[in-house]
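Each remark here refers to the structure printed beneath this line.
The values are calculated or read from the model by the stated rules, or taken from the named source; none is laboratory data. Because the structure is a prediction, the values reported are computed rather than measured. Counting neighbours? That spans all protein chains shown, and the Cβs are built from the backbone with ideal geometry, glycine included.
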Amino acid sequence: MENLRKKRCRLLSSLAFLQRCRDSDILPSFVQINHHIKCSGARRILRRASMALFRERIRYTRWSLSQCTEEIIRLHLELSSVMASSDWNTLDRITYNSSTSCFDSVRETQTKKFEGLRKRQKPEIHMEHQRTVVNLSDRSISEAANSILAKGLNFAIAPDRIPTEEMIVSVEAAIRNLPRQTAEEIRIEVSQILRKAKPPTPNTTGAERRALRELRTDQDLVILPADMGNATIVINKVDYNRKMKSLLSESTYKEYHYTRDFHYLKRVAKCIGCSRNSEEREDMAV
């Protein structure tokens, strides 16, 4: 009974480790397949083979856990029927305490193993938020908001679903003028691809996504890129409007009213542009 309970604890810890690696897109060392060919095509093939082996390892671990649990239940019923109640309670308590200590020890080892794999395969990039995010507003920004803003305004957030409807509409518009047989073949191939497609791995945390939604709904803040350097500026909307008005009120800018002269100036500019284009076309012809 003690050995079976310890085995079940080890299987539970191993399954949790495997599922955590799978969810984090991390391959354990024992399923990584290597080859002396180092081209991109070979790496993709080895990656797919390693992932297939990884999924089979998870399936086998679940099957082994199920078999072990059934064996524990069978032995539990058998021993409880032939042993005295006090003896069985003592045996059950001893084996349970022993398996619990074994589970804690194995879980600690698996946690250290996962952290080591994560540092090697998914190294964290620590950015200095003070340099990439400049907060000029009168509000304090959370750590999650700082983290998502530090990624830059051009950062693309991974979608949480496959845009199936949009893809189908685009494909139908593209194959509208193709022969019927060719269009049907393309539809079948696209349908097979969409059935197997899965959303990409999230590149933001839940806290970052919540902070981004809060920033979008806040009408009192303006977020814009800095004039120089790779930084993001957070400023109050009132201060931003005041700064824009002060810049426009300087003598450098003036309001231009629509008059007849303005109409003639547009016609002259258009004629000059046409003449330049004709000269360029003549030069290219020569």
*Is there a residue in the stretch 162-183 that is at pLDDT 85 or above, outside any helix (DSSP H, G or I) and closer than 26 Å to residue 26 by Cβ?*
yes
*State which residue pairs qualify: first residue in contact (Cβ under 8 Å) with a residue 40 or more places away in the chain and inside the stretch 5-34, second residue of a type in the set (Ser, Thr, Tyr) and assigned to a helix (DSSP H, G or I) in any location, beta carbons under 6 Å apart, and separation of 6 or more residues or different chains.*
5/95; 5/99; 6/99; 9/99; 11/64; 14/61; 15/61; 27/50
*Can you confirm whether the stretch 79-89 contains a residue that is of a type in the set (A, V, I, L, M, F, W, C) and within 23 Å of the chain's Cα centre (by Cα)?*
no
*Residue list for the stretch 19-46, restricted to those being farther than 22 Å from residue 110 by Cβ and polar (S, T, N, Q)*: 34, 40
*Output the number of residues of the stretch 1-36 satisfying the condition of being surrounded by fewer than 17 Cβ atoms within 10 Å (Cβ to Cβ), charged (D, E, K, R) and closer than 15 Å to residue 62 by Cβ.*
2
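When the stretch 66-92 is examined, which residues are found to be of a type in the set (S, T, N, Q) and farther than 21 Å from residue 7 by Cβ?
Matches in the stretch 66-92: 81, 85, 86, 89, 90.
Could you identify the single residue in 44, 74 that is part of a helix (DSSP H, G or I) and either within 30 Å of residue 199 (Cα to Cα) or touching a residue at least 60 places away in the same chain (Cβ under 8 Å) (or both)?
44
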*In the stretch 204-228, what residues are within 14 Å of residue 152 (Cα to Cα) and either free of Cβ contacts under 8 Å to residues at least 24 places away in the same chain or in a strand (DSSP E or B) (or both)?*
223, 224, 225, 227, 228
*Tally time: how many residues in the stretch 19-41 are in a helix (DSSP H, G or I) and of a type in the set (Asp, Glu)?*
1
